[in-house]
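The values are calculated or read from the model by the stated rules, or taken from the named source; none is laboratory data. Note that the structure is a prediction, hence the values are computed from the model and not measured. Note: ideal-geometry Cβ built from the backbone for every residue, glycine included; neighbour counts use all protein chains shown. Only protein heavy atoms, including side chains, enter the accessible area calculation; ligands, DNA and RNA are left aside. Shrake-Rupley method; radii C 1.70, N 1.55, O 1.52, S 1.80 Å.
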Amino acid sequence: MRDLLERLGRIPVPRIGRPSGRVRRIVRRFASQPLNAAGFVFLALVALFALAADLIASDKPIACRLDGTLYVLPCIARPAALADDDNFTIERAVAARGGWTLLPPVPFGPTQAKVAGRAGRLGGPSRAHPFGTDDLGRDVLARMVHGARSAMLVGFGSVVLYALIGILLGALAAYFGGPTDRVVMRLIETLSSFPSLFLILAVQGLLGVSTLWQLVAVIGLTRWSDVARLTRGEVLRVATEDYVTAARALGLHPLHILWRHVLPNSMGPVLVACTFGVAGAILIESTLSFLGFGVPPPTPSWGQLLTEAFGSEGSYWLTLFPGVALFATIVSINLVGEGLREAVSPKARGARL
Amino acid sequence: MILFLIKRLLSMVPTLFGITLATFVVLNLLVGSPESSSVGEALSPREDPGRDVRRSYGLDLPLFVNLDIDDLRARVDRAVTRLADARTRDAAVRDLARRGGAVVPFLVPSLPSLKGETKVAALDALKRISVHIGVDKALAASPDPSAFWKRYFETYGSDFMPARAARLVRRLARYDDRLALSELRTLDTFCLPYVMETLGAQEDGPALARLTRLASDLTGREDAVEPGTPLKERALVKARWREWWRERDSDYTAYEGAGRVAGAVTQTRYFEWLSRIVTFDFGLSMRDGRPVLEKLGERLPVTLLLSVLALLFAYGLAIPLGTLSAVYRGRAFDRVTAVALFCLYSLPSFWVAMLLVRYLGGAGHLDLFPAQGLATPGSQGWPPWERLADLAHHLVLPVFCLSFVSMAMLARYQRVGMLEVIDRDYMRTARAKGLSRSAAILRHGLRNGVVPVVTMLGVQLPYLVSGSVVVEQIFGIPGMGQETFEAIRARDHAWLMAVVTVTAIMTMVGVVLADAVYALVDPRVVPGRRREVER
């Protein structure tokens, strides 16, 4: 008998439980729709802007050689020697004293106020400032590029946080059942009873000081209920599949089954929900910033740009460009979400455009 | 079915508990900087200075269980031990004197056991109290104060009985009874718990005036009404006294017997919070000192009106749109609607609201809709129908901004729901028996296809309430959202906690109602019914 079990234990786990082939199939199905791909590409572009914001828009050059010293990436390293300089003083110095400089594509920093002789307050789109300037003479494009960073950080950061909490709690509830399940279900119901923006606003307001990470934490800790509910349902569903029964018959440890077989196969819908969640989190971030309870003022954010626009009549570029950026980002995330939904469960067609 | 509803209602209880617990945790985590929220009430010489702000949040109490109740008896005992120490003696004397007559039944019996300086200090404290209980002249005339107090307590000790104090207060409230008043004055702060109890339930103007006068004299916290004070002002005074008493009841009350056992639970921070929720007494707004409940009563209807209209708009448009899309699946109408809905679904509502205010609200562009408030200034004198039209005119933009995302989402769900049923056998049967296409869809298809959308009713409510903050702020509508916005700026904990709790409870009730509606529309969801249906 023991002999037999030992031999059974060596039987490779059925391939159907492995995610690799499934993932490839999902990716292929996803990419087959041009709209999905377009959404994904745009989202990747925004993410790239967010990651490389300092290289794209900065008040310091990407690299320069001045007075015999080579500065590499002063836009990120911010050397003390160049602390008082910006792109234009360096450019002038280079012209006068020799050397060279490589300016970023947008030669303004996100918090760089009125540059002498170049940027006016509330200037409309021009060659120097394609998206105009705001009421402090800051370049709107530069602020938008850096605003992408706030949006992406809050969007992805908070969703990663609440996905972790939600998956853990949902899986535990489904796995242990009984009292654990009941407690988790009540927790979920309690949390989803709070109007999320109200709760987040109240917490943000009561906490007072606000940083991006605090925003990530507050959104992450208050919005995991949907993911938990979804994970629980999916785990319960997958647990009845034949391959799980097979794994159990092989005598594998229940936690191993949960981790290796059940969870990977129940992540599809959760992934879809999380994708839409990113759009939701970005919307919350911009709404909070719009209301003045998001990221603190010097940090650029799209919502904050829109607040400024609300305060200054007649400057359409302040309303239009950040608004469109926000809208396009949300659209592309929703496109990716829809595409994923379809790729994950091809049966659920119909909600398609 | 009824059993299912009862079960569903019962399942609300733990959730409700969870809600109170969650708000409690938030409250306790966040009340870290109380200096920002002190009400700035002047302290009178008879009041306990300091610790004020901490106490207004109940921060002097333990979180969930209180085995060491800090009531009047404990406070007197502590003061007496502090009398023995030369360094704390003065403060302890002042503390005892400030509490007034309430300490007499605890301090006087312990006099014989005190020695030396401690006894002198205790007598000093009692001497100060004697002014309040009206025996100062007799005390001055007596050669031996300690013998005087012994005699005093033998004669008048039985006056310090809760039942007697309560009876006297009732008499004072009912008739303008001079005798009762003077008797109460000799009891001093001992009668405060009963004054507070009667005061809270008192509607009669003159009676309230007498009680608040007495309370002001006893506590030195000047806040009395005149017999002719208007009703609103009276309610405010009552609310302020209630708040004050909530904080300080344990200064003047001794918990005995059963009260002491119950006190282990009731004298805790969580219980204080729970009792506020259960009685809907959320205290006074720190922004303007008005009762939070009264402000909620003004603000909530506005937000509810917006939400209900938004729901009507969202459902009223989403159901036909979704149904038509499903009927014309794949055709031009379906495709155009789908793209439009998808875009609508992705639009940030605050941005749309901003654009609408700017370009339709008359700021130099089209002046189609008023952009601020709910009524044209000076419209009070208009005839009712014109005011109603004015209100409707003001509501168009806010309701649209609040509901278009819900509308887009619901329409998409409605389309999917309709597609589910449109090819079913019973639809073909309906057509075969001679119904026209539209009649079949309306009578048989829609009834089943609408179920998933109806069940989303409960989910919509928190969403709309959340959205109201933004919409009310942009359109300057005096609803709950706007007040919340201002409350956050002023760090008005009382309002914030009340609003979070009330909206959470509303949402929970909404979800349960939606479940009930679901069960009515589709009996299969009731667990007990499933078998019958399958059979």
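The condition of being free of Cβ contacts under 8 Å to residues at least 24 places away in the same chain, part of a helix (DSSP H, G or I) and farther than 21 Å from B:Val13 by Cβ holds for only one of A:Leu201, A:Leu230, A:Leu206, that being A:Leu206. Within region B:168-213, the set of residues being open to solvent by 60 Å² or more (accessible area, probe 1.4 Å) and either in the same structural domain as B:Leu126 (by TED's automatic domain parsing) or among the basic types (Lys, Arg) (or both) comprises B:Arg170, B:Arg171, B:Arg174, B:Arg178, B:Arg185, B:Arg213. Can you work out which of the residues in region B:120-144 that are of a type outside the set (A, V, I, L, M, F, W, C) and under 17 Å from B:Phe106 (Cα atoms) is most open to solvent (accessible area, probe 1.4 Å)? Ranking the candidates gives B:Lys127 first. Suppose the filter is surrounded by fewer than 21 Cβ atoms within 10 Å (Cβ to Cβ) and within 13 Å of chain A (Cβ to nearest Cβ); does B:Val352 pass it? Spelling it out, B:Val352 is indeed surrounded by fewer than 21 Cβ atoms within 10 Å (Cβ to Cβ) and within 13 Å of chain A (Cβ to nearest Cβ). Restricting B:Pro398, B:Pro377 to those that are open to solvent by less than 20 Å² (accessible area, probe 1.4 Å), more than 14 Å from every other protein chain (Cβ to nearest Cβ) and either part of a loop (DSSP other than H, G, I, E, B) or closer than 23 Å to A:Gly311 by Cβ (or both) reduces the list to B:Pro398.
Among the residues of region B:216-233, some residue qualifies, meaning at least one is hydroxyl-bearing (Ser, Thr, Tyr) and either at pLDDT 80 or above or in a helix (DSSP H, G or I) (or both). Name the residue, out of A:Leu73, A:Leu82, that is surrounded by 15 or more Cβ atoms within 10 Å (Cβ to Cβ) and at positive phi. Answer to the check: A:Leu73.
A Cβ distance below 6 Å, combined with a sequence gap of six or more or placement on separate chains, defines the contacts here; from region A:94-110, residues that are within 17 Å of A:Ala128 (Cα to Cα) reach residues that are open to solvent by less than 20 Å² (accessible area, probe 1.4 Å) and of a type in the set (D, E, K, R) in the pairs A:Phe108/A:Asp139; A:Pro110/A:Arg143. Only residues that are in contact (Cβ under 8 Å) with a residue 40 or more places away in the chain and assigned to a loop (DSSP other than H, G, I, E, B): list them for region B:98-134, please. If the condition is that a residue be in contact (Cβ under 8 Å) with a residue 40 or more places away in the chain and assigned to a loop (DSSP other than H, G, I, E, B), then B:Gly134 is the only one that fits. Residue selection: A:Leu283 fails the criterion of being open to solvent by 50 Å² or more (accessible area, probe 1.4 Å) and modelled with pLDDT of 85 or more.
Just one of (1) of a type outside the set (A, V, I, L, M); (2) within 14 Å of chain A (Cβ to nearest Cβ); (3) more than 20 Å from B:Tyr463 (Cβ to Cβ) fails for B:Phe369. It is (2).
Here A:Pro195 passes the criteria (1) more than 20 Å from the chain's Cα centre (by Cα); (2) within 14 Å of chain B (Cβ to nearest Cβ); (3) surrounded by fewer than 23 Cβ atoms within 10 Å (Cβ to Cβ); (4) of a type outside the set (Lys, Arg) except the one numbered (3). Look through A:Val184, A:Val159 and report the one residue that is in contact (Cβ under 8 Å) with a residue 12 or more places away in the chain, open to solvent by less than 20 Å² (accessible area, probe 1.4 Å) and more than 14 Å from chain B (Cβ to nearest Cβ). Matching residue, one of A:Val184, A:Val159: A:Val159.
Here A:Pro300, A:Pro296, A:Pro264 are screened, and the one residue that is away from chain B (no Cβ under 13 Å), in a loop (DSSP other than H, G, I, E, B), surrounded by fewer than 21 Cβ atoms within 10 Å (Cβ to Cβ) and of a type outside the set (A, V, I, L, M, F, W, C) is A:Pro296. Being within 14 Å of chain B (Cβ to nearest Cβ) and open to solvent by 50 Å² or more (accessible area, probe 1.4 Å) is a property that A:Gly323 lacks. Is it fair to say B:Gly458 is part of a helix (DSSP H, G or I), more than 9 Å from chain A (Cβ to nearest Cβ), touching a helix residue (DSSP H, G or I) at 6+ places or on another chain (Cβ under 8 Å) and of a type outside the set (S, T, N, Q)? Spelling it out, B:Gly458 is indeed part of a helix (DSSP H, G or I), more than 9 Å from chain A (Cβ to nearest Cβ), touching a helix residue (DSSP H, G or I) at 6+ places or on another chain (Cβ under 8 Å) and of a type outside the set (S, T, N, Q). Taking region B:210-239, which residues are in contact (Cβ under 8 Å) with a residue 60 or more places away in the chain and of a type outside the set (Asp, Glu)? Scanning region B:210-239 gives B:Leu218, B:Thr219, B:Gly220, B:Arg221.
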